[in-house]
Amino acid sequence: MLYLDFTTCQSQTLDYFLLYIYLITLVDASRRRGKTTRSKYDLVFSRGDLLEVPRTLFTHFGIYLGGGRVAHFIPDIMPVVSSDQHRINQMVTNTRLILGVLAKCGSVRVDSVDDFAYGSEILINTMDKVCSRPALQGEEVARRAEKLQGDVAYSLLWYNCEHFVMYCRYGTVMSFQTFQFCKTVRKLVLSRRVAKATALLGACLLLYLRAVSTCATLLAILLPFLIWMAS
């Protein structure tokens, strides 16, 4: 009887010892995993920060997720022409980007800060001073960005990287770049000079082609009139 109790006690002690070793291994692995996910950028950026990278003709936007990772929306043709995840996850080249714009396809992807910035200066949360809406909590911003990962239809004017980050951080879908572009186009196209030039060009075409029909005459008069009134 004493022998059985002693054997049972040894077995329980061995079980507790193995359980202790297992827990120590889990804690050590967790600590190592935490160390590997840390990044020098975590000292500069906070999770949910809106990052801006000025380019030559535009500004690119992204949401910082922590660990040196940035979620951003970028036009990309690769997900359409290939199912190879290794090729898709590679950094987007200019060719992939331009073809993505033309095909109106893109993806919300996660890249490193270095790949996102591509050597340019990074600005932090400058939209907070411009947008009338208050920024959401950083964790909520990051969760929204992570939830939207994947292939998304892209539009240079109506849904681009700025629309994406504005929704994630402020809960509204808008783009100041699109607004400025449309404003500039309006000034160039819908101006009195353009209206006068259109009227003169229409009259010259009517005389040159000798096609003074009712339809052509109305078009030559109506088009410059509409531009004049919209200017």
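The values are calculated or read from the model by the stated rules, or taken from the named source; none is laboratory data. Worth saying up front: this structure is predicted, and the values here are computed from it rather than measured. FYI the Cβ positions are ideal-geometry reconstructions off the backbone, even for glycines, and counts take in every protein chain you see. Ligands, DNA and RNA are stripped out before the accessible areas are found, and what is left, the full protein with its side chains, is counted by its heavy atoms. Shrake-Rupley method; radii C 1.70, N 1.55, O 1.52, S 1.80 Å.
For the range 128-156, the tally of residues that are open to solvent by less than 50 Å² (accessible area, probe 1.4 Å) and in contact with a helix residue (DSSP H, G or I) (Cβ under 7 Å, 6 or more places away or on another chain) stands at 5. When N160 is tested against the conditions (1) modelled with pLDDT of 75 or more; (2) in contact with a helix residue (DSSP H, G or I) (Cβ under 9 Å, 6 or more places away or on another chain); (3) not assigned by the TED database to the domain that holds T59, the lone failure is (3). If you go through the range 157-175 and keep only what is open to solvent by 60 Å² or more (accessible area, probe 1.4 Å) and either within 24 Å of I98 (Cβ to Cβ) or assigned to a loop (DSSP other than H, G, I, E, B) (or both), you end up with W158, V173, M174.
Tally time: how many residues in the range 124-143 are within 30 Å of A103 (Cα to Cα) and either in contact with an Asp or Glu (Cβ under 8 Å, 6 or more places away or on another chain) or in contact (Cβ under 8 Å) with a residue 40 or more places away in the chain (or both)? Summing the residues that are within 30 Å of A103 (Cα to Cα) and either in contact with an Asp or Glu (Cβ under 8 Å, 6 or more places away or on another chain) or in contact (Cβ under 8 Å) with a residue 40 or more places away in the chain (or both) in the range 124-143 gives 3. Listed by first and then second residue, the pairs with beta-carbon distance under 7 Å, at least 6 apart or on different chains, first residue in the range 81-101 and closer than 17 Å to Y154 by Cα, second at pLDDT below 90 and open to solvent by 90 Å² or more (accessible area, probe 1.4 Å), are V101/L156. Given (1) in contact with a Phe, Trp or Tyr (Cβ under 8 Å, 6 or more places away or on another chain); (2) open to solvent by 60 Å² or more (accessible area, probe 1.4 Å); (3) under 16 Å from T59 (Cα atoms), where does E121 come up short, assuming only one miss? With (1) in contact with a Phe, Trp or Tyr (Cβ under 8 Å, 6 or more places away or on another chain); (2) open to solvent by 60 Å² or more (accessible area, probe 1.4 Å); (3) under 16 Å from T59 (Cα atoms) applied to E121, the lone miss is (1). Of the set (1) modelled with pLDDT of 85 or more; (2) more than 20 Å from R144 (Cβ to Cβ), all apply to R32 but (1). Selection of the range 167-201 for residues being in contact (Cβ under 8 Å) with a residue 60 or more places away in the chain and not basic (K, R) yields C168, Q177. Only residues that are touching a Pro at 6+ places or on another chain (Cβ under 9 Å) and either in a loop (DSSP other than H, G, I, E, B) or surrounded by 19 or more Cβ atoms within 10 Å (Cβ to Cβ) (or both) were counted across the range 44-97, and they come to 3.
What number goes with the only condition from (1) at pLDDT below 75; (2) closer than 30 Å to I63 by Cα that V212 does not pass? All conditions pass for V212, except number (2). Looking for something touching a strand residue (DSSP E or B) at 6+ places or on another chain (Cβ under 7 Å), at pLDDT 75 or above and under 27 Å from T56 (Cβ atoms) - is there at least one such residue anywhere in the range 189-202? Looking for residues that are touching a strand residue (DSSP E or B) at 6+ places or on another chain (Cβ under 7 Å), at pLDDT 75 or above and under 27 Å from T56 (Cβ atoms), one finds none in the range 189-202, hence no.
For the range 125-140, residues that are under 18 Å from the mean Cα position of the chain (by Cα) and within 17 Å of S175 (Cα to Cα) total 6. Return yes or no: is V108 part of a helix (DSSP H, G or I) and either surrounded by 15 or more Cβ atoms within 10 Å (Cβ to Cβ) or hydrophobic (A, V, I, L, M, F, W, C) (or both)? Judged against the criteria, V108 is not a match.
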